[in-house]
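I have placed the structure first, in the form of structure tokens, so that the comments after it can refer back to it.
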Amino acid sequence: MAYDRRIELMTGDITSLAVDAIVNAANPSLLGGGGVDGAIHRAAGPGLLAECRKLGGCKTGEAKLTAGHNLPARHVIHTVGPVWRGGSGGEEALLALCYRASLGLAATQRLRSIAFPAISTGVYGFPRPRACALAVDETHRFLLKDGTMERVIFISFDDETEALYRRALGLD
Ligand code: ADP
């Protein structure tokens, strides 16, 4: 498949990005945690936690929107990835849902730029190559039908993950 020029790869810290929305790989409580979730809450400040408390949690595969508070990003889209349990529990379909729900929510809010971390590939243990390929596939599918989104950034914390995205995009 041809690589969609609206997709960009970056390496670094998602909390530094001045985009319409950054996506948080949250846990179902939406009350913060480790990894990217902890980094986002630290950078956004206590206003984010206060707003999240009112949301009543989030189910795996769903997505909820908040403001960005002290972040350079205008919004945070919180989505809950699946915990990897060997692959027979519908983990792939649930991770695909995270991308679909996040992009769909961004589109309904008319957001034009969004950045994703590699959801579920940290403590949730989803195999990285499959997770990166799935993120790219779902985003391609969404962009084929969407006329609003201008930038979808996949931000990696390490070079190995960026290489997996490059492969999934057919850039190597
Ligand atoms: P999960 O619980 O969904 O597995 P984690 O936060 O443990 O979420 O990890 C998800 C991915 O986010 C991992 O690939 C991790 O390396 C990456 N990550 C952690 N902190 C940041 C950050 N500040 N910016 C971008 N990516 C990050």
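The values are calculated or read from the model by the stated rules, or taken from the named source; none is laboratory data. None of the values given here were measured: they were computed from a predicted structure. Glycine also receives a Cβ, built like all others from the backbone with ideal geometry; neighbour counts cover every protein chain displayed.
How many residues are among the small types (Gly, Ala, Ser) and at pLDDT below 95 if we restrict to region 134-171?
Final tally of qualifying residues: 2.
Which residues, counting only those in region 95-114, are under 12 Å from ASP146 (Cβ atoms) and of a type outside the set (Ser, Thr, Tyr)?
If the condition is that a residue be under 12 Å from ASP146 (Cβ atoms) and of a type outside the set (Ser, Thr, Tyr), then ARG100, LEU103, GLY104, ALA106, ALA107, ARG110, LEU111, ARG112, ILE114 are the ones that fit.
For GLY12, which of the numbered conditions (1) surrounded by 13 or more Cβ atoms within 10 Å (Cβ to Cβ); (2) on the phi > 0 side of the Ramachandran plot fails to hold?
For GLY12, the failing item is (1).
Under 6 Å between Cβ atoms, at least 6 apart or on separate chains: pull out the pairs that start in region 153-172 with a residue that is closer than 18 Å to ILE114 by Cβ and end on any residue that is surrounded by fewer than 17 Cβ atoms within 10 Å (Cβ to Cβ) and at pLDDT below 95.
That search, which allows pairs on different chains as well, returns LEU169/TYR3.
In the list VAL23, VAL76, which residue meets the criterion of being within 22 Å of ASP159 (Cα to Cα), surrounded by 23 or more Cβ atoms within 10 Å (Cβ to Cβ) and in contact with a Ser or Thr (Cβ under 9 Å, 6 or more places away or on another chain)?
Answer to the check: VAL23.
What strands (runs of 3 or more DSSP E) completely inside region 65-172 contain at least 1 residues that are over 27 Å from LEU55 (Cβ atoms) and more than 16 Å from the ligand (Cβ to nearest atom)?
Where strands (runs of 3 or more DSSP E) fall fully within region 65-172, none carries at least 1 residues being over 27 Å from LEU55 (Cβ atoms) and more than 16 Å from the ligand (Cβ to nearest atom).
For every residue, the table says whether it meets (1) touching a residue at least 12 places away in the same chain (Cβ under 8 Å); (2) more than 9 Å from the ligand (Cβ to nearest atom); (3) outside any loop (DSSP other than H, G, I, E, B); (4) not basic (Lys, Arg).
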{"position": "ARG5", "(1), (2), (3), (4)": "no, yes, no, no"}
{"position": "LEU9", "(1), (2), (3), (4)": "yes, yes, yes, yes"}
{"position": "GLY32", "(1), (2), (3), (4)": "yes, yes, no, yes"}
{"position": "ASP37", "(1), (2), (3), (4)": "yes, no, yes, yes"}
